[in-house]
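To start, the structure under review is shown below, and the notes come after it.
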């Protein structure tokens, strides 16, 4: 265990109460008023909010295969900078994470980076092709202990394949994270189908393509009594179906990305592919429905869908460009801007939506714990009254494709603690937890 | 005005100034010496990343009549077909000192990307981008309509135009809807529901699925080219059925108003969207559109590169 000791003075806990927190031996050792500790590094966090370390259920780390865009290490640094203590590495690497070998490699790279937990997600089907099941059991029993399975980037489209996958994962208490996209309705699609796409002449991506799969899969999940997670919900209609499914007692959870809580398809008018993402940015009405659903808990969590891309895959025509945008370093600020500053939720719910709930859905040990004595010290400190300006040239990611370049955002993540060690201190990344 | 990317970027005054300049320049084209020295020393690049003979030669003729140096850069046999990025092509053109780039591209928004990037500094003229816009075509169409039907008015106020066919994939339709609306004309879109974009409710047009009902109420029938291969994408059952409902046949010609004109941006599919005898009829101004195209493109180059309009009695 770590010998690092930190005393956080004057923290506001998610419930609004004030306390000092002593971190020692990797855990929260004390929570009380007016703590004193002669051996601890003193950190004044007056005015800041202390949250359980953020847990991302949807991250693209690109390693193995596209290390120019991101590596497990650079993604871990990006995560720590954004306040994350756990990431979930999506399976669409090259080679695909559809076997124990690849998930163990990614898991080990995460441990070597040592800045946060990297939990690999396993592919549902071999090569993400949607035809034959991948080695789900081997991945579940590997040292990576995979519990979340997803073909993200591709939809598990064949209803029989989806049914079998939902059934098979029950043996491992797993969950299928579905990328809901009806492929026939989205051939060559470029952006949300609506008035903006009609003017821009970019091929439309109808909301129904997402909603039809969500509807099918909640029904399948009900039928086989399994567990389903819907990745990146973007439409008001999708929210309605999930609300209905939950009311019916179907075991479904859902996520929304920070960018879908803020940005709309109006941004495509620039033809700048920095705003090209899968699923696409939708309308203002959808954005408002997503915020409301997250506040209500119909949508359970925020997940980043952090998708790094090399410069050349965005410096081109819209239709040639890759889908995806960075998310880790701006996620908490976007949530503050769209959900907290708008008074839709408080910090206790932020802790739930970005830490407790995702850790529960994925079954991540040692993550997403409430702030209590004895819990592993996975913690995030955010100063909600400070602001910062996003600069794509200052990100910790290997890539630069943030859609928020130049945005002034509220909420500065100042400190991140992973298993009791500071990985981010006063906004600076620390690889070894030492504070200069 | 530095670029011409979309009709949406034009004010009514700017659009009219291009049309007025074209009227003046048309006189040059009719004269014995067809050349003006206005753009001497300027380099204009025709960057055609998609097949289009007629638009390219129209811009080429326009540039040459204004004494500009013209470089044709087509994707066939050039680096674009070898996979060079738009960025590298633009950097190359910048290095060559292009004052303007006339770009035809299969990707919607490619001209906008060139114009907003730091890759090159010349003017960008959209000569058709994907299924987005084709502003010079709309301007030459408006020029043609004005010449025939405006009765001396500067704009197209009160005129009624039907745009018929594959609006979903048509850049000509998008630019025309914007410009006709800007100039005061009213537009009815006639098409099968499969070839209308979702979101058309936000356009300043009315929509009809019934060509017979619409045709008698308009002054201009503007036919769009139908791609034969769209049949495979289930947009309509077969060519005969398309033609029966949405083709401009000899029978439909009889339903048109007395002074109404027929337009087509070309190239035509004779026998599919327009019957051969209709295309060649007295009401057809299709060949004249081509001639007007040169004058209007001269006007566009003139306004963008010489930085002024050419009004009657002006410079």
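Each value in this text was obtained by applying a stated rule to the coordinates, not by laboratory testing. Values in this document were obtained by computation on a predicted structure and should not be read as measured data. Cβ sites come from the backbone with ideal geometry, for glycine too, and all protein chains shown count toward neighbours.
Order these peptides, A:417-430, B:168-181, by their mean beta-carbon neighbour count within 10 angstrom, highest first.
Numbers: A:417-430: 21.0, B:168-181: 25.0.
The most tightly packed comes first, giving B:168-181, A:417-430.
Counting only DSSP beta bridges with both residues in the stretch A:22-178, tell me the antiparallel percent, nearest 5.
On the way: 4 of 14 bridges.
Rounded to the nearest five, the antiparallel share is 30 percent.
Distance between the C-alpha centers of the stretch A:21-99 and the stretch A:167-198? Whole Å please.
The stretch A:21-99 and the stretch A:167-198 have Cα centres spaced 28 Å from each other.
Give me the distance between the Cα centres of the stretch A:362-406 and the stretch B:124-192, rounded to whole Å.
Cα centroid to Cα centroid, the span is 51 Å.
So what's the back-of-envelope 222 nm ellipticity for chain A, counting only DSSP H runs of four-plus at -39500 (n - 2.57) apiece and dividing by all residues, rounded to 500? Kindly include the intermediate steps, with their values, before the conclusion.
On the way: 12 runs with 110 residues, N = 436.
Roughly -7000 deg cm²/dmol at 222 nm, from the helical runs in chain A.
In what sequence, highest mean first, do A:131-140, B:289-298 appear when ranked by Cβ atoms within 10 angstrom? Present the calculation step by step, with values, prior to reporting the outcome.
Details: A:131-140: 18.2, B:289-298: 23.8.
Ranking, from highest mean packing down: B:289-298, A:131-140.
For chain B, modelled as a Gaussian network with Cα springs under 10 Å, which listed residue fluctuates most, B:120, B:231, B:223?
In this elastic network of chain B, the residue with the biggest mean-square fluctuation among B:120, B:231, B:223 is B:231.
Can you tell me the 0 to 90 degree angle between the C-alpha axis of helix B:86-95 and the longest principal axis of chain B, rounded to 10?
40 degrees
Using alpha carbons only, how many degrees (0 to 90, rounded to 10) separate the axis of helix A:207-224 from the longest principal axis of chain A?
Long axis of A:207-224 versus the principal axis of chain A: about 80 degrees.
How many angstrom lie between the Cα centre of the stretch A:265-325 and the Cα centre of the stretch B:15-63?
So the two Cα centres are separated by 41 Å.
Quick one: plug the Kirkwood hydrodynamic radius of the stretch A:11-149 (C-alpha pairs) into Stokes-Einstein at 37 °C, 0.692 mPa s, and report D in µm²/s.
On the way: Rh = 16.8 Å.
In µm²/s, the coefficient is 195.
On the principal axes of its Cα set, how long, how wide and how thick is the stretch B:177-285? Give whole Å, largest value first.
38, 35, 24
Would you please put A:58-71, B:92-105 in order of how densely packed they are, using the mean number of other Cβ atoms within 10 angstrom per residue and starting with the highest?
Numbers: A:58-71: 22.6, B:92-105: 20.7.
Highest to lowest by the protection proxy: A:58-71, B:92-105.
From zero up to wherever the largest Cα-Cα distance of the protein assembly as shown sits, split into 20 Å bins and tell me the percent of pairs in each.
The calculated distribution, bin by bin, is 16, 40, 29, 13, 1.
Out of all DSSP beta bridges with both ends in the protein assembly as shown, state the antiparallel percent to the nearest 5. Each step should come with its number before you reach the end.
Working: 31 of 93 bridges.
Percentage antiparallel, nearest 5: 35.
So in the stretch A:52-362, what percent of DSSP beta bridges are antiparallel if you round to the nearest 5?
On the way: 1 of 23 bridges.
Counting DSSP beta bridges with both partners in the stretch A:52-362, the antiparallel share is about 5 percent.
Counting only other chains, and only Cβ atoms inside 10 Å, what mean value do you get across the residues of A:196-208? Mind dumping the intermediate values first?
On the way: counts 2, 5, 12, 12, 12, 15, 6, 6, 4, 0, 1, 0, 0.
Counting Cβ atoms of other protein chains within 10 Å of each residue's Cβ and averaging gives 6.
Divide, for the stretch A:52-362, the radius of gyration over alpha carbons by 2.2 N^0.38 Å, where N is the residue count.
Details: Rg = 17.8 Å, N = 311, 2.2 N^0.38 = 19.5 Å.
Against the compact-globule rule of thumb, the ratio is 0.91.
Residue by residue through B:193-203, how many Cβ atoms from other chains fall within 10 Å of the Cβ on average? The partial results should precede the final answer.
On the way: counts 0, 0, 0, 1, 10, 8, 10, 3, 3, 5, 3.
Neighbouring Cβ atoms belonging to other protein chains average 4 per residue here.
Give the value in nm², to one decimal: projected area of the alpha carbon convex hull of chain B, averaged over all directions. Mind showing how you got there, number by number?
Values: hull surface 64.7 nm².
The directionally averaged projection comes out at 16.2 nm².
To the nearest whole number, what is the average tally of beta carbon atoms from other chains within 10 Å of the beta carbons of peptide B:106-117? Don't jump to the answer; show the numbers that get you there.
Working: counts 3, 10, 12, 13, 6, 2, 7, 10, 1, 1, 3, 2.
Rounded to a whole number, the mean comes out at 6.
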